[in-house]
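First up is the structure itself, then whatever we jot down about it.
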Amino acid sequence: MELVTFFIAGVQHHQLHRVLKDLKTNEILELVPEPINKFDPNAVRIEHSATEENIMCGYVPKKFSAEIAAMIGLGKHLICEIEELNKEAKPWEQCKVTIKEVKDA
């Protein structure tokens, strides 16, 4: 079930540029709650973990973070899937993702 679609937030302050050339549409990125974030206690990092190190790409936008963090906290199985990539766009418009809830079979 699709929950929200958005451009990854904060990419100009993080490492999306390091992995952008390796990303592909439909690829799954990791969602990592960050409850000690001083700007947003509901912050959820978005990471690329296809390499040996996890690369922080950015965040779930603040307007969606409380809902997403709560769902993760409740044990819901969420995935963050890349919908669109535009490597020539402004950094904050290069990677659009959709967060979906995966129902267990």
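All of the numbers you see were taken from the coordinates with simple rules; none came from a lab. As the structure is a prediction and not an experimental result, all values here were calculated from the model. Note that each Cβ is placed from the backbone with ideal geometry, even for glycine, and that neighbours are counted across all protein chains shown.
So how many Lys-Lys pairs in the chain land under 14 Å Cα to Cα, not counting same-chain pairs under 8 apart?
Total qualifying Lys-Lys pairs in the chain comes to 7.
For a quick check: sort T98, T25 by the number of other beta carbons within 10 angstrom, fewest at the front.
The most exposed by this proxy come first: T25, T98.
Kindly state, to the nearest 0.05, the FRET efficiency for N26 paired with A66, given R0 = 35 Å and r defined as their beta-carbon distance.
The value I calculate is 0.85.
Tilt of helix 62-73 relative to the longest C-alpha principal axis of the chain, in degrees (0 to 90, nearest 10)?
In the chain, helix 62-73 runs at an angle near 50 degrees to the longest axis.
In whole Hz, with x marking every Gly and Pro, tabulate ³J(HN,Hα) for the range 74-91 from phi via Karplus 6.51 cos²θ - 1.76 cosθ + 1.60, θ = phi - 60°.
7, x, 5, 8, 10, 10, 10, 10, 6, 8, 9, 10, 9, 5, 8, 6, 4, x
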